[in-house]
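Please read the structure below before turning to the comments.
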Amino acid sequence: MRHKIAHRKLNRTSEHRKALFKNMLNSLIKHEQIKTTLPKAKELKPLIDKVITIGKKKDLSARRSLISKLQNEDSAEKLITVLSKRYENRKGGYSRIVRTRNRFGDNSTMAYIELVDKDFNAKGQDSGPVQKKPELPKEEAQQISK
């Protein structure tokens, strides 16, 4: 019997689960939408709602608590400055889960978890290094085009 067992184990150790959700929280705050499996999204939803509620307090104690939970000062800063202003009149329900098709390969149910009233420009922002094509000198560019 599974009495008083509240959350999914997701086939991970407790430390791995804690690190997984911390990384997913940071990604969700940064991009405001992430794609993951449905059970992970369902476990992440209460966590992001609680973190946003802490960020709405906007005091030093809240800032330190967020930095402790997220281990990322940029995410904490975005929560306190941007997201707290966006959700100041909302009492809860800061995120939504949208189911998508099953993943090819293992047929697991996929879902998007996203912030309500999200900023569409935040998706993919600072996702990684961007490689620029090296510019050729004008003489070589003319030779290649001929």
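The values are calculated or read from the model by the stated rules, or taken from the named source; none is laboratory data. As the structure is a computational prediction, the values presented were derived from the model and not from experiment. Note that each Cβ is placed from the backbone with ideal geometry, even for glycine, and that neighbours are counted across all protein chains shown.
Regarding the stretch 25-33, can at least one residue be identified that is part of a strand (DSSP E or B), farther than 19 Å from THR81 by Cβ and either among the aromatic types (Phe, Trp, Tyr) or touching a strand residue (DSSP E or B) at 6+ places or on another chain (Cβ under 6 Å) (or both)? Within the stretch 25-33, one or more residues are part of a strand (DSSP E or B), farther than 19 Å from THR81 by Cβ and either among the aromatic types (Phe, Trp, Tyr) or touching a strand residue (DSSP E or B) at 6+ places or on another chain (Cβ under 6 Å) (or both).
A single entry from LYS42, LYS22, LYS50 fulfils the requirement of being of a type outside the set (Ser, Thr, Tyr), surrounded by fewer than 17 Cβ atoms within 10 Å (Cβ to Cβ), at pLDDT 95 or above and under 11 Å from the mean Cα position of the chain (by Cα): LYS22.
Considering the stretch 58-99 alone, what residues qualify as being more than 15 Å from the chain's Cα centre (by Cα) and of a type in the set (Lys, Arg)? LYS58, ARG63, ARG64, LYS85, ARG86, ARG90, LYS91, ARG99, listed by residue number. Look at HIS7 and say whether it is in a helix (DSSP H, G or I) and either exposed (fewer than 13 other Cβ atoms within 10 Å of the Cβ) or among the hydroxyl-bearing types (Ser, Thr, Tyr) (or both). Answer is no for this residue. Checking the stretch 74-82 against the condition returns no match, with no residue being under 24 Å from MET110 (Cβ atoms), out of contact with any helix residue (DSSP H, G or I) (no Cβ under 7 Å at 6 or more places or on another chain) and surrounded by 15 or more Cβ atoms within 10 Å (Cβ to Cβ). Hey, among the residues in the stretch 55-73 that are touching a Ser or Thr at 6+ places or on another chain (Cβ under 9 Å) and not in a helix (DSSP H, G or I), which one's surrounded by the most Cβ atoms within 10 Å (Cβ to Cβ)? Ranking the qualifying residues of the stretch 55-73, first place goes to LYS56.
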